[in-house]
Every structure is written in structure tokens, then in C-alpha cells.
Amino acid sequence: MRKVVFYGAVSLDGYLAAKNDSLEWLFATDLAGTSTYEAFEKQVTTMVMGRVTYEEVLKLMADQPLYPGKEKVVFSHRAREKMEEVTFVADDPVAVVRELQQQEDPGWIWIVGGGGLLTELIAGDLIDEYWIQIAPVLLGAGKPLFPAGNYRRRLEYVETIQMGELVELHYRKPKES
């Protein structure tokens, strides 16, 4: 079964983005030339995200292709035209991700962004591993990584890595006994 993972950065007070969706605070964070992203991204063959995250990532990428060669599944209630390597869905996120897990593909499924989509998948017990980078900035308000929800979980610690000003926490779902 394919692994479902979360990889993303938050402010010290737990926000993925400022109120206006700005990530300026993240880009201003000095990584001192260290990153786990490249090795992580090589494991991913499918990306799952909500429409707002998709649109913000497209803005950040400007004229560059969005992760060519990787399947993109975008949750949206708005009708969308078919695009190469992008599937727009309005179905239950838990059911969609369970279906993706069953595919004959050794690559990981990356949950991009957070909020409602991530909390639904956590409540459905679908996230296998988390890589959360914490930036040394307090935003005071914005889009939280983990909004309130019914998803209480105990995770197993894997490791901590320092990347310049960022600290990355790596956790996984506990192995079943």
C-alpha cells in the first residue's frame, strides 16, 4: 500500500500562511544551504491538495511547470477543465486517498498544504508520516496547519533536523503491535 505523507513548513505559532496567503515569512527564512526537500520530493509520485493551495502554488511557480511527471489531485467544488497530469475532484477526500493508496505505484502520496483537507485525512487515519518544518517567526494570525477537528492521534518520533533557521520534526504513525 502506498505511503501517505505530509511535508510542509509552519510559523512557530502554527500557521501555514499569513491571512493573505503570503509565504514571505517562509522565503525570508535562512536554510544555510541545508534542505531535506530534494530527497523527499524524489519519493513522491502523487500530490494531493485543495484548490486554494493549488492556485497559490501555481502563482509561486510563475511560468515553470508544476511538478512535471507527477500526478496532481486537486479537491475543488468548482467545475474545471481537464489539464494534463491534474485531476480535479469533489469527492470525499478519505475515499479518494484510499483509492490512490491501492494503485500499483511505489511512490508516495504527498498531502500539500493543510487545514481542512489534512484534518479530514488525519481523522481517517491515512497520514503515515509527517515532516514539519518550523520557522522562527510568529504571525499572530493566518491559516493554521491543524484547525480544530476530531483527529486526536499519538505519533512516534523519528528525528529532528536543523536546516539553518528551520527545525524539521519528523513523526510517523506508530507501528501496530
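The values are calculated or read from the model by the stated rules, or taken from the named source; none is laboratory data. Predicted model, so just to flag it, every value in this text is computed and none were measured. Positions of Cβ are generated from backbone atoms using ideal geometry, with glycine treated the same way; all protein chains shown enter the neighbour counts. Calculation scope for accessible area: heavy atoms of the full protein, side chains included, ligands and nucleic acids excluded. Shrake-Rupley method; radii C 1.70, N 1.55, O 1.52, S 1.80 Å.
The set of residues in the range 119-143 being of a type in the set (S, T, N, Q) and either in contact with a strand residue (DSSP E or B) (Cβ under 6 Å, 6 or more places away or on another chain) or in a loop (DSSP other than H, G, I, E, B) (or both) consists of Gln133 alone. Kindly check whether there is at least one residue in the range 95-107 that is without any contact (Cβ under 8 Å) to a residue 24 or more places away in the chain, open to solvent by 80 Å² or more (accessible area, probe 1.4 Å) and not in a loop (DSSP other than H, G, I, E, B). Within the range 95-107, one or more residues are without any contact (Cβ under 8 Å) to a residue 24 or more places away in the chain, open to solvent by 80 Å² or more (accessible area, probe 1.4 Å) and not in a loop (DSSP other than H, G, I, E, B). Only one entry in Leu117, Leu126 is at pLDDT below 95 and either under 17 Å from Val5 (Cα atoms) or exposed (fewer than 12 other Cβ atoms within 10 Å of the Cβ) (or both), namely Leu117.
Of the set (1) more than 18 Å from Glu41 (Cβ to Cβ); (2) within 18 Å of the chain's Cα centre (by Cα), all apply to Ala90 but (2). Quick check: anything in the range 78-85 acidic (Asp, Glu) and open to solvent by less than 70 Å² (accessible area, probe 1.4 Å)? No, the range 78-85 has no match at all. Figure legend. Inter-residue proximity from the range 61-75: first residues within 22 Å of Val94 (Cβ to Cβ) and exposed (fewer than 14 other Cβ atoms within 10 Å of the Cβ), second residues modelled with pLDDT under 90 and not aliphatic (A, V, I, L, M), beta-carbon distance below 9 Å, spacing 6+ or different chains. No pairs are indicated.
Of all the criteria given as (1) open to solvent by less than 60 Å² (accessible area, probe 1.4 Å); (2) under 29 Å from Asp91 (Cα atoms); (3) modelled with pLDDT of 95 or more, the one not satisfied by Leu23 is (3). Can you tell me which residue within the range 1-11, out of those that are outside any strand (DSSP E or B) and in contact with a strand residue (DSSP E or B) (Cβ under 6 Å, 6 or more places away or on another chain), is most open to solvent (accessible area, probe 1.4 Å)? If we take residues in the range 1-11 being outside any strand (DSSP E or B) and in contact with a strand residue (DSSP E or B) (Cβ under 6 Å, 6 or more places away or on another chain), then Lys3 is most open to solvent (accessible area, probe 1.4 Å).
Can you tell me which residues in the range 144-171 are of a type outside the set (Phe, Trp, Tyr), open to solvent by less than 80 Å² (accessible area, probe 1.4 Å) and either in contact (Cβ under 8 Å) with a residue 60 or more places away in the chain or assigned to a loop (DSSP other than H, G, I, E, B) (or both)?
Scanning the range 144-171 gives Pro144, Leu145, Pro147, Gly149, Leu155, Ile161, Met163, Gly164, Leu166, Glu168.
Whenever a residue of the range 14-38 is over 19 Å from Leu58 (Cα atoms), its partners that are open to solvent by less than 60 Å² (accessible area, probe 1.4 Å) and among the hydroxyl-bearing types (Ser, Thr, Tyr), lying with C-beta atoms within less than 9 angstrom and at least six residues away or across chains, give the pairs Thr36/Tyr7.
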